[in-house]
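For reference, the structure is listed below as structure tokens.
No value in this document is a laboratory result; all are computed from the given coordinates. For clarity, every value in this text was computed on a predicted model and none was experimentally measured. Note that each Cβ is placed from the backbone with ideal geometry, even for glycine, and that neighbours are counted across all protein chains shown.
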Amino acid sequence: MAHSSLNDRTIVEFTKLLLGDLEEVKRLQNEFESNGWCFMRLPDDNGQLTKKLHETQMNLETFFSQERSEKSKYCSSNGFGYSRVDHKESIRVLMDQYGFQKYDPPLTDNVDRTLRYLTILLDNLTSVIRSIISKMPIMAQSFTKTAVSMSHLRMLDIAHYFNERTGAAEPPEVGVNTDEVNCVPHFDPGLFSLSILSTCDGLQLKDRASHQWIDGPVNVEHNQHSIGVVWLGEAASILTENHFKAGIHRVVYPRTPHQSRIAIWLEVCTESQIELSLKQENEEDSLIPGGTIIQMDNQPGSLPVRARFGGERVRRFLRRMERERGLSLSKSATTKVLRLRHKRKRQLEEEQKKSTNNTEEVV
């Protein structure tokens, strides 16, 4: 029996996975081994998922349509709750099997109800997917389970991209900053993420064999309402000794001018992600020496970046990367992301001899 597809890619059926269909599980494993991501059709009995996601979209659009001055009172002091940078605004909460954790300041009642619905929905979906992944032989037999500390918390992200730019007729081969793309190509730190809503084009996923970018689903289009995306993170690659690939993805500007985009996804996180994200802005963290050349290892094809004169705290540096590259702080908390390559001028070398080596890991 032929399988349904989107953009010439097989769609894995969640319902078949839930029923223990071994062929469908094998199909999912093949996608993870080749590219680290797949399209997945989610249960939509009598259009209930489609209806609820439409209501969710309307509630979020109502909140995001408020004046910037009105929304500023909701801005969070850490990575959770509401935040804004030049090209997007976000709502991010932590959740577990009991629901989402409180954040400060609280948002509107409508947003609160929306978050409650999303946490229940995504907990149910990701629990099934995680169980299936953990039982795959390559994962169950892993000898590197202690190499990554997984958190019991998951991270729910809602992003509203302003899209004040229009995408080029031919998108860039890579996209190195927010002048070219909304979010640069990258892979996440966690075990996996599940995306359930994208209201216009923008999400693209990398085919590792052909090096092509594959468009993700647009969930407001009739034949794509219940198609989600699962992409693996660095943790899955480490735990399977790279048998499973980390799913490389990016967000480009849409083809239609001034078409904003709402996206919703949940990530199964590592402990280091949560730890870094929970730090308050004024908390002390590691100092990157001024002039240090930094290679972001979870951003394939990215250019090295230099720490500002006088040095930068890790958290401030990652906030700058969010503005310049579109990648939020929580997505940069990998074990190798900040590989500091000291290519410094002679007058700085002596000053740093006691505290730095040729290569230093900060995070």
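Summary of values
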| quantity | calculated |
| --- | --- |
| Listed residue (His249, Asn59, His87) projecting farthest to the positive dipole end of segment 5-277, Cβ model | Asn59 |
| Nearest-20 debye value, segment 75-233 charge dipole, Cβ charges on Lys, Arg, Asp, Glu | 780 |
| Principal axis box of the chain, alpha-carbon based, largest edge first, Å | 68, 51, 45 |
| Computed [θ] at 222 nm, helices only, for the chain once each DSSP H run of length n ≥ 4 contributes -39500 (n - 2.57) | -8500 deg cm²/dmol |
| Cα centroid separation, segment 200-254 to segment 5-32 (Å) | 15 |
| Nearest-ten-degree value, helix 48-64 long axis tilted from longest Cα axis of the chain | 40 |
| Assigned charges on the beta-carbon of Lys, Arg, Asp, Glu; segment 5-277 dipole about Cα centre (debye) | 320 |
| Segment 11-55: radius of gyration over Cα atoms, expressed as a fraction of 2.2 N^0.38 Å | 1.34 |
| With Cα atoms, 0 to 90° folded angle of helix 314-325 axis to the chain main axis | 60 |
| Nearest 10 degrees, 0 to 90: helix 22-34 Cα axis against the chain principal axis | 30 |
| Spatial extent of segment 174-239: Rg and Dmax, with the Cα atoms as the point set, Å | 13.1, 38 |
| Normalised convex hull volume, segment 110-207, alpha-carbon set, Å³ per residue | 154 |
